[in-house]
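Before any comments, here is the structure.
Just so it is clear, none of the values below were taken in a lab; they were calculated from the coordinates. If you're wondering where the values come from, they're calculated on a predicted model, not measured in any experiment. Quick reminder, even Gly has a Cβ in these numbers, built from the backbone with ideal geometry, and neighbours come from all protein chains shown.
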């Protein structure tokens, strides 16, 4: 393995986890959640975090026993050569599909807010070129980029805190009228917003100190939870669950509520810094899929990695162009969300089961 | 870091290299007789008029003939006369020559006769000729195969002055000169550590430039030292022009406008860098010392940062970062705001800007590009002209062109301010290569902003950031301590912590001995 | 590396080939500062949009252009046929709505604002007595810098005037949130063609139902509990039917609402916590330093006055308007949301509610005069 370009530290993993999950979804998250859960949207966010937490735990506990915790190796060991191959291919296909939805939504936001007359394929091209450029530099660069972008994201998102004094706390009340079905529906929606954690499947092998992975991933998850919580709480405070439904990306409208001197339009300034953040999950997951494909086809990373990356980016580009309008995109996003549940929870559980039954029959344990 | 296919090529190269470097001493031994030797040397003497020689006889009973060859103007003539020829002619008595043979004589001369400090035996013709052209004095004798090469080289050099590009208000005023021996002495005098290693290499097949590799053995990372030495040894080129060539030959990334190694002309700076575990390369012929590895952060630091008060240095550094950001993005931002997102400009300003633009027939992009081209021309002109003329051009361009452009309707008043601020910001950067880099990156940003407005600007910065992050300077992440975050190093990034608190060496630079200062004192 | 170079080259080629779809330089724009909306005809099917913008070519001049059309967007395209420049909508500072239009309902006219991300959500809205085009035209004769001045009435005097300052966001939010109703300031022109704030428009959702005059506006603002509203309130102290002193206090108010329920009856307790500063009082013999009770008397007088005004307003609200214009329903919702969600906007709810006002004035600063 090309160790040099594909090695990350546990500290960077924290940022990678944040980077893989926080994306364009955060801009519409308050609307989606409060549509189902009403003023309990914040609770839905907290409930939703169970999925990624379980997923992290399953993935880490699965890989723990393998001497070479590589996604491709492990899946081929567990399911046999052919089935393992199929699983990795499906995983990569899912990533390509999922990321094209993310990037399409990102392009739509850009089109709506910044470049209304520019065709969507140009915007997509621009975004994906940046993504390709970063990914082709390897995991190290991507990890570092995640690190620095995290701080930009933090500043960018924390801006909305200045709105809190304007908020209306009655939007959270009453607390005793819990609508359980609505909340569960909201929680289901909020699962989707944590999509991206499946990155850990591939990233596990790249981390240089394996014993710290669990802690790092949980830390990252906690940061994501807090960011989501903050965004949802402030949105509810300022706009309230009803008003949220009138806006497609309420977080951006949130920023325009108050006039800021000199900067004039906070939401546009916000979007200037947004590119790195919106494209970040695509960076990470593109890396994951290109890396998996390289390993799967036993291609030399040094030679073919950038070409595989290019292929993946092209695939994302083409798929992202397919949906006609935003409604279709959001529908596909829902579908991708259910896929995420399957991949992030179903796959590790399946692996665990197979591992349990085939224990001892194949020599994959550390001892052998 | 991109290294496809490189390793394989490198291996091939190594093989070739090892073949070429086989010792050739025994292969072509010099003939015994002086005449035969002279015959071999004669063609060179005829061709090169600055290669001079004279015959002489050794003093003593046996009149052994000898010949001295050297280049004109490269050696200390007085020393040649006093210390070499005089001793040979008068005191080289071969009393026991008959008893002990000619081998004895050469040892006698080598050990007892010549009172110069550097002397060496030469066995074959190639080395002999090379020694002549390196500036040594060569002695050949009749009946003795070996020749002697004596180092009494003397070159005229510039006096030690304060470097023009790195002036400091406070602190040392010495700067390097073009002679590498003087330069190493300047460093040695400041750093008397026994562990300071100065390795001398000769690079350039034809120029045979002296290159010096400096590091402190128990601080610098041995891996980087080996890597640098390897890379230097692998340079197989006919000639290099000093450290600037070496910089380009050993860097990892060629397609980048950004400098990967810092250069300095100040010995005190070199000393500080050595103490932080870096490696310094100096070459004969240029006063710049190459500091390896360097991070982006260090290009925005000036030497007086460590001399001034921490708060002042912090303030200065803040402005240098601001200058970099402005130099790269101000014209692009102007375009993005004026032709894509005018709602970001406060309305009063917007009206004024629109009124200014109203008489200009070009679109904003063209307006910016015209001014940019003009200012680049002014800068180029100013650089090449002698100082007094350059100033005149600056004044003419600054006042007359600016004012005239507005009156002629070629530019709006705002763009003059924008370009002026940008240019000033550019030259606030302490490193000259970074100045050039920021000019190129600015054009890229302008194009991005011209096509996609503020989003293009954002994409441009993303690409720039990615590019900076992906760079590595001799294996060290270029954009550390920001990405990857090196938390202990942040106290010497934009911030400049107290010297008394900087107890550890920077972790961005790999090294062996992390403790710089004991916590207790100070 | 070569591949990289060629790829980046490709990128740049594409960059140059593709046009700059969105580029439009600022001098091609007119920058409207005020937009005014009216019904074009009595039947209310057409809209007349007037924009006021500073002329770029000539300094110190503002132009007012009315255009009529079927919809707001229609007027924009019709404007293109009559005037050379396009409109840069991002800098509209103030949107004015004619009285008749406001009675008809505003939501259809603010949708184009909410939808367009270029338009700032913090622009101010106001209702104009009569037609807004006529208002602009008339007032502009007296004031050449109306475009910059009129929005400043709303933005800069926030801290010392009692009138409802409502931004687009406030309005849209109130309209789309259950239990909230917006109010807008009312502008009118006087005989000398000067503009002034002349009351508050009471809305039921997006439809205006009444105009409260300036006297009612003060208690309305106090009762709405708008974030730290400040302003001057004159007071009169009477003793045994005789006026003994009068003056002014500058107050800042905070509101607290508490709801309780007795059967089907909702009782709202509104507590106004008012901090004030004595601006002036007329009787020169009374020294504040010597007379410890004096400041109590002033406080009491202000308290009484505010309570009286508030009760009058609440009565009017319950009897006449039948709409919650003082923003208290949300506190009831906060306790019984599921039950009240559907009925809270009915007229009966506010008519049947019992609203009690309690004011507590504290004058803690009286300047350096004794």
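The label point for residue C:354 and the one for residue C:129, both projected 7 Å from the Cα toward the Cβ, are 3.8 nm apart. Shape verdict for region C:26-212, please, from the Cα gyration tensor: rounded (a/c under 1.5), prolate (a/b greater than b/c) or oblate. Verdict is rounded for region C:26-212. Packing order of peptides A:95-106, C:327-338, highest average first: A:95-106, C:327-338 (average count of other Cβ atoms within 10 Å over each peptide's residues). Among the residues of A:114-126, the average count of other protein chain beta-carbon atoms within 10 Å of the residue beta-carbon is 6.
So if we plug the beta-carbon distance of residue B:362 and residue B:391 into 1/(1 + (r/R0)^6) with R0 = 35 Å, what FRET efficiency do we get, rounded to 0.05? Could you put the intermediate results ahead of the total?
Details: r = 30 Å, r/R0 = 0.87.
Efficiency at R0 = 35 Å is approximately 0.70.
Taking the centroid of alpha carbons for each part, region A:221-268 and region A:52-95 are 37 Å apart. Counts of other chain beta carbons within 10 angstrom of each beta carbon in peptide B:353-360 average 5. Contact order, relative form, for chain C: 12 percent (alpha carbon pairs under 8 Å, 6 or more residues apart, mean separation divided by residue count).
With r as the distance between the Cβ atoms of residue B:501 and residue C:286 and R0 = 60 Å, compute the FRET efficiency 1/(1 + (r/R0)^6) and round to 0.05.
0.40
Ranked by how many other Cβ atoms sit within 10 Å of their own Cβ, fewest first, the residues C:132, C:188 fall in the order C:188, C:132. Please work out whether region B:310-476 counts as rounded, prolate or oblate from its C-alpha gyration tensor, where a ≥ b ≥ c are the square roots of the eigenvalues and a/c under 1.5 means rounded, while otherwise a/b larger than b/c means prolate and anything else oblate? Taking the square roots of the gyration eigenvalues as a ≥ b ≥ c, region B:310-476 is oblate. Summarise the long-distance tail of P(r) for region A:215-368 by giving the % of C-alpha pairs beyond 23 Å. In whole percent, the share of Cα-Cα pairs in region A:215-368 beyond 23 Å is 63. Pick from C:66, C:84, C:219: which residue has the top mean-square fluctuation in a GNM of chain C where Cα pairs under 10 Å get a spring? In the Gaussian network model the winner is C:84.
Over chain B, what is the relative contact order in percent, taking alpha-carbon pairs closer than 8 angstrom and at least six residues apart? Could the numbers behind the result be given before it?
Working: 796 pairs, mean separation 67.4, N = 522.
Once divided by the residue count of chain B, the mean separation gives 13 percent.
Compared with the dominant principal axis of the Cα atoms in chain B, helix B:222-234 is inclined by about 70°. Ordering of B:361-370, B:40-49 by packing is B:361-370, B:40-49, highest average first (other Cβ atoms within 10 Å, averaged per residue).
Restricting attention to chain C, close to 70% of DSSP beta bridges with both partner residues there are antiparallel. Taking only Cα atoms and a 10 Å spring cutoff, compute GNM fluctuations for chain C and point out the largest among C:48, C:261, C:277. Looking only at C:48, C:261, C:277, the largest GNM fluctuation is found for C:261.
Extending 7 Å from Cα along the Cβ direction at residue C:142 and again at residue B:130 yields two label points whose distance is 9.9 nm.
By the equivalent-ellipsoid construction on the alpha carbon gyration tensor, region B:180-294 comes out with semi-axes of 21, 16, 14 Å, ordered largest to smallest. Find how many whole Å separate the alpha carbon centroid of region C:114-140 from the alpha carbon centroid of region B:149-217. Answer, in whole Å: 74. Put the Cα centre of region A:282-339 next to the Cα centre of region B:444-510 and the gap is 28 Å.
Among A:147-155, B:379-387, what's the highest-first ranking by average C-beta atoms within 10 angstrom per residue? Please report the intermediate quantities before stating the final value.
Numbers: A:147-155: 18.9, B:379-387: 11.6.
Ranking, from highest mean packing down: A:147-155, B:379-387.
Note on chain B: the C-alpha convex hull projects to 32.1 nm² when averaged across all orientations. Seen against the Cα atoms of chain B and their longest principal axis, helix B:364-384 is set at about 30 degrees.
Just need the relative contact order of region B:180-294 here, percent rounded to a whole number, with Cα pairs under 8 Å and 6+ apart. Intermediate results must be reported in sequence, preceding the final value.
Values: 193 pairs, mean separation 35.6, N = 115.
For region B:180-294, the relative contact order is 31 percent.
Per the Debye formula on identical point scatterers at the alpha carbon atoms of the protein assembly as shown, with no solvent, log10 I(q)/I(0) at q = 0.06, 0.10 Å⁻¹ is -0.70, -1.39.
Looking at region C:41-140, send over the antiparallel percent of its DSSP beta bridges, to the nearest 5.
Bridges in region C:41-140 that DSSP calls antiparallel: roughly 60 percent.
Peptide A:266-278 has a mean of 4 when you count, residue by residue, the C-beta atoms of other protein chains within 10 Å of its C-beta. Take the Cβ atoms of residue B:118 and residue A:151, set R0 to 56 Å, and the FRET efficiency comes out at 0.45. Note on residue C:63 and residue A:166: the model spin-label points, each 7 Å out from Cα along the C-beta direction, lie 3.3 nm apart. Between 0 and 90 degrees, the angle of helix B:34-47 with respect to the longest Cα principal axis of chain B falls at about 30 degrees.
Prolate is the label for chain C. Its Cα gyration tensor axes, ordered a ≥ b ≥ c, give a/c of at least 1.5 and a/b above b/c. Considering chain A, its Cα convex hull presents a mean projected area of 18.6 nm².
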